[in-house]
Amino acid sequence: MTERASRLASSHAAAPPGALTPAQRAALFLSRIWAWVFLGVMVLFFVVAVPLTTGGSVNFLTVRNSQNILVAIIPVLLLGLGQTFVIIAAGIDLSVGWVMSLASVLSALALRGAFNSGVPLFPSVLVGLAAGVGGAALVGFINGVIIAKLKVPAFIVTLGTSFIVRGVAYLMSENTTVIGLPADIRAYGNDALIYHIGGEGGGLYFLHRPEVGGELLRRMDIILPYPVVLTAFVVAWAMFLLHKTQFGRHTYAIGGSMDAAVRSGIPVDRHIIELYMLSAATSGVAGFLSTLRYTAGSAVIGDPLLLSSIAAVIIGGVSMFGGAGTVIGTVIGALIIAVLTTGLVMLNVDAFWQFIVVGTVVIVAVLIDQSRDLIMARAGGRVRR
């Protein structure tokens with residue numbers, strides 16, 4: 001036996017059963033932070049590449065561009081938040097995109113009906129919120145009951161539900177955009193906490209959109225739009241729910257081993273129903289916000305967002321096998337997708353390359369997740385991720 005082999009053998013012999021070697025610990029650490037590192041590298045790349053490509057006329061890291069990215073991730077992130085809980089519990093929800101569309105239609109119809117009936121603007125907006133989120137949660141309840149009580153695979157149930165919800169959204173909207181909403185609701189979906197106008201004659205404005213035009217309007221930056229603030233509250237609530245409450249602990253337990261969760265007394269069926277209601281409700285919030293932003297209800301607004309929301313969850317480190325993942329990981333995953341697509345657009349890269357890049361990142365994320373599980377298995381036990 002060579003001297004190097006002898007040292008390796010003695011080091012493995014000295015390690016207690018189930019302990020990780022330094023190399024395994026380093027690999028696990030890198031697998032946890034790779035998304036953060038990748039996001040940072042991307043931002044640095046676009047900061048350098050965009051001015052070079054555009055001759056210095058356009059910069060990537062500006063206040064306006066950063067706010068555009070935050071607004072762009074809102075629907076993907078909201079769909080991904082509920083999906084995070086479901087996937088951690090070893091499920092899947094393929095209906096979230098069309099549930100968002102249905103919520104957009106429902107909120108628009110309810111808001112328009114309330115306002116036209118003489119209800120003041122703000123209460124009408126709350127009626128629209130209740131209709132959109134309530135209708136979405138009802139779809140989630142149906143999903144959960146069929147999955148939990150009838151034991152039909154979640155993939156099949158939510159796939160079938162997505163077609164049903166799609167048809168209902170078209171029927172309720174009469175296959176057209178729901179218009180005729182009060183124009184003033186646009187302020188709820190597009191105004192912001194802070195406005196900044198740079199240069200001469202500018203300044204900071206809080207909770208008040210300055211009435212300016214011409215050059216001042218072109219120089220005005222919108223900081224923290226109301227939908228971004230609301231989404232931030234939803235993210236904070238989701239983090240607390242998943243990481244600090246019994247509901248979150250039960251979610252991880254069900255994803256880790258449903259049989260063990262049942263034996264430990266967790267009300268698995270009820271919890272699964274609640275998970276799918278949660279997933280649908282966050283999609284409902286996304287649909288409601290889209291109605292406010294565009295002053296209309298659309299039966300197709302969420303159609304292209306399903307795969308992006310799942311991609312954000314996977315890139316963020318949520319295991320497709322269940323039992324592992326974080327809310328902040330999903331936030332990072334959504335940011336990665338938004339930064340990628342925004343940066344590639346600014347570099348004038350064709351749209352189909354954006355899909356190729358995002359798909360490649362998803363595959364890399366899955367490979368990293370599997371390598372992490374392999375390291376844990378070889379260590380002789382499950383290591384907390």
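The values are calculated or read from the model by the stated rules, or taken from the named source; none is laboratory data. Small disclaimer: the values here were computed from a predicted structure and weren't measured. As a convention, Cβ positions derive from the backbone with ideal geometry for all residues, glycine included, and neighbour counts pool all protein chains shown. Accessible surface areas use protein heavy atoms only, side chains included; no ligands, DNA or RNA. Shrake-Rupley method; radii C 1.70, N 1.55, O 1.52, S 1.80 Å.
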**Residue match in the range 194-214 (condition: farther than 30 Å from R270 by Cα, open to solvent by 50 Å² or more (accessible area, probe 1.4 Å), at pLDDT 90 or above and in contact with a Leu (Cβ under 9 Å, 6 or more places away or on another chain))** = no
**Request:** Look at L150 and say whether it is open to solvent by 10 Å² or more (accessible area, probe 1.4 Å) and free of Cβ contacts under 8 Å to residues at least 40 places away in the same chain.
**Result:** yes
**Prompt:** Can you spot a residue in the range 304-316 that is closer than 26 Å to I185 by Cα and touching a helix residue (DSSP H, G or I) at 6+ places or on another chain (Cβ under 9 Å)?
**Reply:** yes
**Item:** Scan of the range 291-333 for residues that are at pLDDT below 90, open to solvent by 40 Å² or more (accessible area, probe 1.4 Å) and not in a helix (DSSP H, G or I), ordered by number
**Value:** M320, F321
**Item:** Search result, residues across the range 342-359 that are within 13 Å of A311 (Cα to Cα), in contact with a helix residue (DSSP H, G or I) (Cβ under 9 Å, 6 or more places away or on another chain) and β-branched (V, I, T)
**Value:** V357, V358
**Asked** On the given criteria, is N175 closer than 22 Å to M100 by Cα, out of contact with any Leu (no Cβ under 9 Å at 6 or more places or on another chain) and not in a helix (DSSP H, G or I)?
**Response** yes
**Request:** Using the structure shown, decide if I368 is under 22 Å from F85 (Cβ atoms), β-branched (V, I, T) and at pLDDT below 80.
**Result:** yes
**Message:** Is it the case, given these coordinates, that L126 is surrounded by fewer than 21 Cβ atoms within 10 Å (Cβ to Cβ) and either touching a residue at least 24 places away in the same chain (Cβ under 8 Å) or of a type in the set (A, V, I, L, M) (or both)?
**Reply:** yes
**Request:** Being free of Cβ contacts under 8 Å to residues at least 40 places away in the same chain and either within 18 Å of I73 (Cβ to Cβ) or open to solvent by 30 Å² or more (accessible area, probe 1.4 Å) (or both) is the filter here, so list the residues in the range 258-290 that pass it.
**Result:** D259, A260, V262, R263, S264, G265, P267
**Asked** Quick one: what pairs do we get from the range 93-118, first residue within 22 Å of L78 (Cα to Cα) and outside any helix (DSSP H, G or I), second open to solvent by 10 Å² or more (accessible area, probe 1.4 Å) and among the hydrophobic types (A, V, I, L, M, F, W, C), C-beta under 6 Å, 6+ apart or different chains?
**Response** L94/L159
**Request:** Evaluate the following for S264: is it closer than 21 Å to V133 by Cα and among the polar types (S, T, N, Q)?
**Result:** no
**Prompt:** So which residues in the range 247-267 are of a type in the set (V, I, T) and either within 15 Å of G325 (Cα to Cα) or assigned to a loop (DSSP other than H, G, I, E, B) (or both)?
**Reply:** T251, I254, I266
**Complete:** Over the range 317-351, the set of residues among the small types (G, A, S), touching a Phe, Trp or Tyr at 6+ places or on another chain (Cβ under 9 Å) and within 25 Å of A236 (Cα to Cα) is G317, G322, G323, A324, G325
